[in-house]
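*Asks:* Have a look at this one.
The values are calculated or read from the model by the stated rules, or taken from the named source; none is laboratory data. This is a predicted model, so every value here is computed, not measured. Note that we place each Cβ from the backbone using ideal geometry, even for glycine, and neighbour counts take in every protein chain shown.
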């Protein structure tokens, strides 16, 4: 573990990576992204996409939402359940049932809480534990790039009841916004023998705009994956480590974020007619003609330069660069790939 | 100034205020707000409200947006301009011209950039300088309550070219989300004689969800107040100190945030028919029957307890309190007042 710890610490504290050659001319974050070489982009497998087609809007326009399922080691029990639900066509005919302003749009079985009316779940779904909201750090944990300048109000002082979280940093892993708590907490580890007590490091995905999570009832229920939501407002980071995140919307978020808000409690629609029907949900490899998508590697030099530009806007519009940026204000660049 | 500095430092570093008696039973942030005594609520004068009536929606439903203008000492030149524009009925017949997902909804004269077609501005509008984006701290600066645990990625390391910003903290003043940089920077002030050089403290409002700002062209243009936007996504804090903030939406934000997104560049509507007409904008004291609104004093014990509950969710749904919260994830409680 020692090598990994050292590597993590180095990443967390290091200066930004060497800027790519184009940084001299790139002025905006978008310029940096546009100039990133093809070698820094990573193709998203079509099998990791969900294509959710909503009923056409009142003007007859199609509404397609494309979701990227999160990568291992995060939330894989729920992702596996969702794949089974999609394979069983379980989502077809469900609906968007709740839209709460500055919070979430949520979909699933409108009758899911009504005994006798609830849609039967397919067999073989797994049941996860709250401990599955975080992934233990191991030697096989994918690379993690800490956000430039590490302040994060949700991580620095986190729960004194849980020493594993002390010194956690926000950053990115495999293109996802992630927090990582080193295996050895900064405080008191050497004096209390935390390592000897087996305090492991942990990593978990973050509730940024567009992220997709798993609705659940009160703990210890952790949700099956049959009820999902997308974040459509300011990042509700208080949900981190309290709910499973299983993906993010990479195309068509506007079909969820611009829906009328529900007027019932916490944004549920009061009447069936207000709900938006879900026609079908398929994995990307089932959808002929679907675009290919790619994301900018969060381990790349261009991504480091992009983070720096997000933190220090120097283009003509700005007169005062902030000097920092929060992890959810650094959307990972994702685009349709040229074929 | 010494007294003020000491007071600010004490606030920034102090433990949360004593919890109100009800905290033993209040479990959620909402419980704390509901239990706050009447003495902790502050009435918003009707003259500080703007009532913006949009054209009815496609189903014939009325769409009213209520905006609270920001308090002194912030942005008062722009607020004064907006009052003149409203008095001249200048906004009547303008439109929402741009809605960019996870960013802003913007309104004003659709022909404002077209010479010969642009709507004439009333006489007597003031022109502000970029320095007016921040307010100098003085003895008469209203009380500032620092956010519990002060990490803020936009403030801690801010521009090395501007020492005044070092050590700035996020918090609240008169019910508004605000950053404040103490008159004496933490770094190097004593060795460089910063005080002797007249480096003053500064405070500025923050781009949280629902805040209303002033569109502008490239600096040194600072905008008149005739083109306004509301934040409808994750807080774009990079705009702080780069654009004037003049208020916030306190009712009806859904009429802006759920509008169809524009498909033109940066969310502008491509056709006139996509825009949402603005029927009228009036100050609150011009609107018969308008509800009264009040906000929870950000200097109150209940507000301190509310911040603590936002940072440490302990109600039944949560299993892992975060231990911190960012300033834009602490919406100041605002409600209709009982008459």
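*Asks:* Quick test of your reading of the structure: residue A:286 fulfils all but one of (1) surrounded by 20 or more Cβ atoms within 10 Å (Cβ to Cβ); (2) more than 11 Å from every other protein chain (Cβ to nearest Cβ). Name the failing condition by number.
*Replies:* Residue A:286 satisfies every listed condition except (1).
*Asks:* Still on this structure, please answer the following. Only one of (1) without any contact (Cβ under 8 Å) to a residue 40 or more places away in the chain; (2) closer than 21 Å to residue B:173 by Cα is not met by residue B:288, so which one is it?
*Replies:* Answer for residue B:288: the failing condition is (2).
*Asks:* In addition: Evaluate segment B:293-308: report whether one residue or more is assigned to a helix (DSSP H, G or I), farther than 22 Å from residue B:69 by Cα, within 13 Å of chain A (Cβ to nearest Cβ) and in contact (Cβ under 8 Å) with a residue 60 or more places away in the chain.
*Replies:* yes
*Asks:* Restricting attention to segment A:256-275, which residues are in contact with a strand residue (DSSP E or B) (Cβ under 7 Å, 6 or more places away or on another chain), within 12 Å of chain B (Cβ to nearest Cβ), surrounded by fewer than 23 Cβ atoms within 10 Å (Cβ to Cβ) and outside any loop (DSSP other than H, G, I, E, B)?
*Replies:* Residues satisfying the conditions are A:266, A:267.
*Asks:* Does any residue of segment B:300-320 turn out to be under 30 Å from residue B:60 (Cα atoms) and at pLDDT 95 or above?
*Replies:* no
*Asks:* Filter segment A:313-330 down to the residues that are surrounded by fewer than 19 Cβ atoms within 10 Å (Cβ to Cβ) and more than 8 Å from chain B (Cβ to nearest Cβ), then identify the one that is nearest to residue A:34 (Cα to Cα).
*Replies:* A:315
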